[in-house]
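Contents: one structure, followed by commentary.
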Amino acid sequence: MSEALTKSQARNIFYGGSLFFLAVFVALTVHSHHYIVNKSTDSAGLTEAVARGKGIWEKHSCINCHTILGEGAYFAPEVGNVWVRYGGRDDPEGAREALKVWMQSQPSGVEGRRQMPQFNLTDQELNDLIDFLEWTSRIDTQGWPPNEAG
Amino acid sequence: MKYESQKVAYYYILAALILFAAQVTFGLVAGYIYVDPNFLSETLPFNRVRMVHTSSLIVWLLLGFFGAAYYLIPDEAERDIHSPLLAYVQLAILLIGGAGAVIGYLFGIHEGREFLEQPLWVKIGIVVAALIFLFNVTMTFLKGRKTAISNVLLLGLWGVALFFLFALYNPHNLGLDKLYWWYVVHIWVEGVWELVMAAILAYLMLKLTGVDREVIEKWLYVIVATALFSGLLGTGHHYYWIGTPAYWQWVGSVFSVLEVVPFFLMVIFVFAMVWKGGRDHPNKAALLWALGCATLAFFGAGVWGFMHTLSVINYYTHGTQVTAAHGHLAFFGAYVSLNLAIFTYAMPYLLGREPYNQVLNMVSFWLMSGGMAFMTFTLTFAGVVQTHLQRVNGEYFMDVQEQLHLFYLMRLGSGVVVVLGALVFIYAVLVPRSRELIAAQQPAE
């Protein structure tokens, strides 16, 4: 490495630059935080039921098979848009019923097919979880995913 | 081993190796479930298998970092560890927490967020253990000789602890949850862990090549500067599609392209030091792992990361097997190889013997690296096919997955090779077999 740069200069560039980029990152995070709360998500519609639904999503660690907004385990389908895929925008009652029946009928036991466990959710838990998925489907994700397949 | 208290590192490495074996075993089980999905589906569903696979990886890598620090800091500071007792207390907390978490996962007890599944009591245990560790090594550092290597290593480990605190924040708003979840996950592996990586590589280069400290430490500061300059705003490549503003598509794309730079510099660094250095260190296996670490990290984290990091590409590849391919080679190259390099280097000193089983250890390097490379290729092809069928053509997820069966079969095969390599490695460092030393060569004419 060139003689023009000394060790202490390199160290000072590291400290100064890192603090600068950390400050920019924190500032953009603050802005993004407000953007999420006020613009891209439905904060007013984040009901107790949606919050409970998120808790159920976590309690059973659904994310270690599924993805949500593309993050998770890639073993099972994306659920960020499952509400849309089930036609929930046009027929909310039908989509809710279909999602419930799907979860209640697992595992399918079909040979050679990935199996979803039976979590024995109560009717309220199913409703809460579906409320959470419906709420998530309305997050402004800059147009992702490219299509309904998720 | 110059200082008696460095012995602490031995127990950290031992614990790390046990979890390493568990991690690859559960990885193999998960790979098998992809091929035979009914396997264990009622007793141990895929989500729990994966949880054990990823969590034990993270915990053993951290145990390795702590062990490396307890070995390296006294050597650099030229004095004993401030309190060996505290180091053992810290290890006990981590082992109880780690074992508790893994056993809990098998029975479905967890907090359920990806990679942060640890129940609250384990998370608090991790914070307490980290505080004990930071106190202990910082005291050692302050009382002794202060070098750039130990300075950067400590900065990295302070960062690990500070950013872990975001794991305790879990808002109801999924967008906010994800915004801060990445403060732990991204800033660990593409930020402060890189400081740990560069510091340990610099230490190994110092010891194995004999190049002047001034030269090595200047490189070190340049590498970590590029790591944080790019890595902090590079978090933006996770902020494309989770409810965050559109400007992240620009910020994330530009800075994550720059994230390749520190990994490229590390490759140049290790090879330049080896060419420059005149030392013929007997531990050839440690040198192989150190060179392999920088090289595989450059491909896994650098090249494979770059491949899908631009927002226009990521729009289609996000959350497909492309990510899985990148994740496997990046973790193996950067952090698994790093730990195995320092283990290979330190174990002979900790056990007070010559570096035995050199050839066996190097065989394990090629088994694991070959296996991981093959796994990465199969998952990359799977991901590209998946991206086209699902994201471009709009075929449904499960229909696409069925068409990827051949790739998953080949991935399972490469997984078997990796597990085999891991077992050979553990055997090579722990069991003295024969004085299989590689003699110094005569210089060529």
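Just so it is clear, none of the values below were taken in a lab; they were calculated from the coordinates. All values derive from a computational prediction rather than experimental measurement. Note that each Cβ is placed from the backbone with ideal geometry, even for glycine, and that neighbours are counted across all protein chains shown.
Listed values, structure above:
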item: Cleavage-rule hits (trypsin sites (Lys or Arg not before Pro)) in the range B:1-93: DSSP loop, at most 16 neighbouring Cβ within 10 angstrom; result: B:Lys2
item: Estimated distance in nm for a label pair at B:Trp366 and A:Glu3, the labels positioned 7 Å out from Cα along Cα-to-Cβ; result: 4.3
item: Alpha carbon convex hull of the range B:266-339, projected area averaged over orientations, nm²; result: 5.3
item: Distance histogram in 10 Å bins (all Cα pairs of the protein assembly as shown, percent per bin); result: 3, 17, 28, 27, 16, 7, 2, 0, 0
item: Extended-chain gain in nm, criterion 0.36 nm per residue less alpha-carbon gap, B:Phe306 and B:Glu395; result: 29.4 nm
item: Part-to-part distance (alpha-carbon centres) for the range A:94-110 and the range B:212-230, which is given in Å; result: 55
item: Test item: Cα-centred dipole of chain A, Lys/Arg +1 and Asp/Glu -1 on Cβ, debye; result: 620
item: Sequence of B:Cys293, A:Cys65 once ranked by neighbouring C-beta atoms within 10 Å, starting from the fewest; result: A:Cys65, B:Cys293
item: Three-way shape label, the range B:49-100, alpha-carbon gyration tensor, a/c 1.5; result: oblate
item: FRET efficiency for B:Arg353 and B:Val127, using Cβ-Cβ distance with R0 set to 51 Å, rounded to 0.05; result: 0.85
item: Average beta-carbon neighbours from other chains, 10 Å sphere, peptide B:226-236; result: 4
item: Projected label distance in nm at B:Glu78 and B:Thr138, using a 7 Å step from Cα toward the beta-carbon; result: 2.5
item: Where trypsin sites (Lys or Arg not before Pro) fall in DSSP loop in the range B:192-285, at most 16 other Cβ within 10 Å; result: B:Arg279
item: Between the range B:400-427 and the range B:51-121, the Cα center-to-center distance that results, in Å; result: 27
item: Per-residue Cβ neighbour rank within 10 angstrom, fewest leading, B:Leu412, B:Leu287; result: B:Leu412, B:Leu287
item: Whether the range B:123-271 is rounded, prolate or oblate, judged on the alpha carbon gyration tensor where a/c under 1.5 counts as rounded; result: oblate
item: Average beta-carbon neighbours from other chains, 10 Å sphere, peptide B:384-392; result: 2
item: Kirkwood-Stokes translational diffusion coefficient of chain B, alpha-carbon pairs, 25 °C, 0.890 mPa s, µm²/s; result: 109
item: Calculated FRET value between B:Lys146 and B:Leu423, using beta carbons and R₀ = 35 Å, to 0.05; result: 0.30
item: Sites A:Ala98 and B:Leu168, calculated FRET efficiency, Cβ-Cβ separation with R0 51 Å, nearest 0.05; result: 0.85
item: Label-point gap, in nm, between B:Tyr88 and B:Asp280 - each point 7 angstrom along Cα→Cβ; result: 4.2
item: For residues of B:313-323, the mean tally of beta carbons on other chains within 10 Å; result: 4
item: Cα gyration tensor, the range B:224-348 - rounded (a/c under 1.5), prolate or oblate; result: prolate
item: Value at 222 nm in deg cm²/dmol, rounded to 500, when DSSP H runs of n ≥ 4 in chain B each add -39,500 (n - 2.57); result: -24000 deg cm²/dmol
item: Footprinting exposure proxy for B:Ile13, B:Ile132 (fewest neighbouring C-beta atoms within 10 Å first); result: B:Ile132, B:Ile13
